[in-house]
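*Asks:* Structure provided below as structure tokens; questions to follow.
The values are calculated or read from the model by the stated rules, or taken from the named source; none is laboratory data. Every value quoted in this text rests on a predicted model; they were computed, and no experiment measured them. No Cβ is skipped: glycine too gets one built from the backbone with ideal geometry, and neighbour counts run over all protein chains shown. Ligands, DNA and RNA are stripped out before the accessible areas are found, and what is left, the full protein with its side chains, is counted by its heavy atoms. Shrake-Rupley method; radii C 1.70, N 1.55, O 1.52, S 1.80 Å.
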Amino acid sequence: MATPIILDCDPGTDDAFALLLALASPELEVLAVTVAGGNVGLECTLPNALALVALAEANVPVYAGADRPLLGAFVNETRVHGVDGLGGIGLPAGGAAASGVAADAIRAILRSAPRRVTLVGIAPATNLALALMTEPSLADRAEQIVLMTGAWGEGNATPAAEFNALNDPEALAVLLACGRPVVLVTLNLTAQALCTTERLAVLRRAGTSQCLARLCDIQATVPFGPRFGGTGAALHDPCAVAWLLRPDLFTTRACTVSVDLGPGPCRGRTVIDRWNRWGLPHNATVLETLHGDAFFALLGERLTRLP
Ligand code: RIB
Ligand code: CA
């Protein structure tokens, strides 16, 4: 039986890969796509999600969600994702968003689904946190919560914080405390999914799917930053989906994870107790290693199944 999931995203160039990988994989049943602001504003991330679902010719409801975090405002990242969030590639417009807001849709699905639902968060975690804060008992209806967020060490949005964690650290703290299994896909993991020029060229040759071609066009607009010496860009978000498809490609470590909620320079930092120095109960499974070549092979094999 396919694993039922809700995918919460902020497309976002890497979100685009994650969304289409999920839609291309029969092991997953995407019950809904929920959208937040983040990489760019909700006024772009929502139509981007709708366009991607339409490109994949998928019949999945897309719900508008938070255009701001629980506190403050989102900090966008147009330098990576472009002003429109998809590198300016310009996909054909998708359909209309489903009626209602993301947090309510998440709760309604959790309340009515016949089996526990896996929550996949690849955006600031605002929508997921709002759903569970307003009806905490529904956390029990979540099979696991897989989050692309955090880092063992330095961040990518600030020296201390990864982008999704920085954008809504309170929301991340809510999920870490909700009592359900949380899986963290950190920057240190996604660094092992480095999309180099060569890997992108191989991916583009994987098939004749228009979805694959457009994704490669989008990824080709992503700048290679100094973090990897100008050799590539980490393909963050599809790692979260790949965990559900091929957990054998990963190694894991049970950890206690805390997130800095202070106003200072460390706000949004995830402090991961790798050696159990605090002696506290583990609240997350942190993915440690990824077989990078197998990950890109999975991407190619799946994405070429799309139209
Ligand atoms: O730090 C990377 C994360 O922030 C990814 O989800 C990317 O899409 C951005 O949202
Ligand atoms: Ca994202």
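*Asks:* Tell me yes or no: at least one residue of the stretch 88-95 is open to solvent by 10 Å² or more (accessible area, probe 1.4 Å), within 22 Å of Thr118 (Cα to Cα), in contact (Cβ under 8 Å) with a residue 12 or more places away in the chain and more than 14 Å from ligand 1 (Cβ to nearest atom). Lay out the reasoning, then the answer.
*Replies:* Going residue by residue through the stretch 88-95, those that are open to solvent by 10 Å² or more (accessible area, probe 1.4 Å) are 88-95.
Okay, now just the ones that are also within 22 Å of Thr118 (Cα to Cα), so none.
No - not one qualifying residue is present in the stretch 88-95.
*Asks:* Let me ask something else about it. What is the number of the single condition among (1) more than 14 Å from ligand 2 (Cβ to nearest atom); (2) farther than 16 Å from Phe163 by Cα; (3) touching a residue at least 40 places away in the same chain (Cβ under 8 Å) that Leu46 does not meet?
*Replies:* (1) is the only condition that Leu46 fails.
The rows are residues; the columns are (1) within 26 Å of Thr186 (Cα to Cα); (2) surrounded by 18 or more Cβ atoms within 10 Å (Cβ to Cβ).
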| position | (1), (2) |
| --- | --- |
| Tyr63 | yes, yes |
| Leu71 | yes, no |
| Gly85 | yes, yes |
| Ser99 | no, no |
| Gly121 | yes, yes |
| Leu128 | yes, yes |
| Met133 | yes, no |
| Leu138 | yes, yes |
| Gly153 | yes, no |
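Residue-by-condition table, conditions (1) among the basic types (Lys, Arg); (2) touching a Phe, Trp or Tyr at 6+ places or on another chain (Cβ under 8 Å):
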{"site": "Ala193", "(1), (2)": "no, yes"}
{"site": "Val202", "(1), (2)": "no, yes"}
{"site": "Cys216", "(1), (2)": "no, no"}
{"site": "Phe224", "(1), (2)": "no, no"}
{"site": "His236", "(1), (2)": "no, no"}
{"site": "Leu244", "(1), (2)": "no, no"}
{"site": "Arg274", "(1), (2)": "yes, yes"}
{"site": "His282", "(1), (2)": "no, no"}
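*Asks:* Looking only at the stretch 139-153, which residues are touching a residue at least 40 places away in the same chain (Cβ under 8 Å), among the hydrophobic types (A, V, I, L, M, F, W, C) and within 16 Å of ligand 1 (Cβ to nearest atom)? Before you say what the answer is, go through the steps one by one.
*Replies:* In the first step, residues of the stretch 139-153 are kept if they are touching a residue at least 40 places away in the same chain (Cβ under 8 Å); the result is 139-140, 143, 146-152.
Then keep just the ones that are among the hydrophobic types (A, V, I, L, M, F, W, C); that gives 139, 146-148, 151-152.
Listed by number, the residues that qualify are Val146, Leu147, Met148, Ala151, Trp152.
*Asks:* Kindly check whether there is at least one residue in the stretch 131-145 that is at pLDDT 95 or above and within 16 Å of ligand 2 (Cβ to nearest atom).
*Replies:* yes
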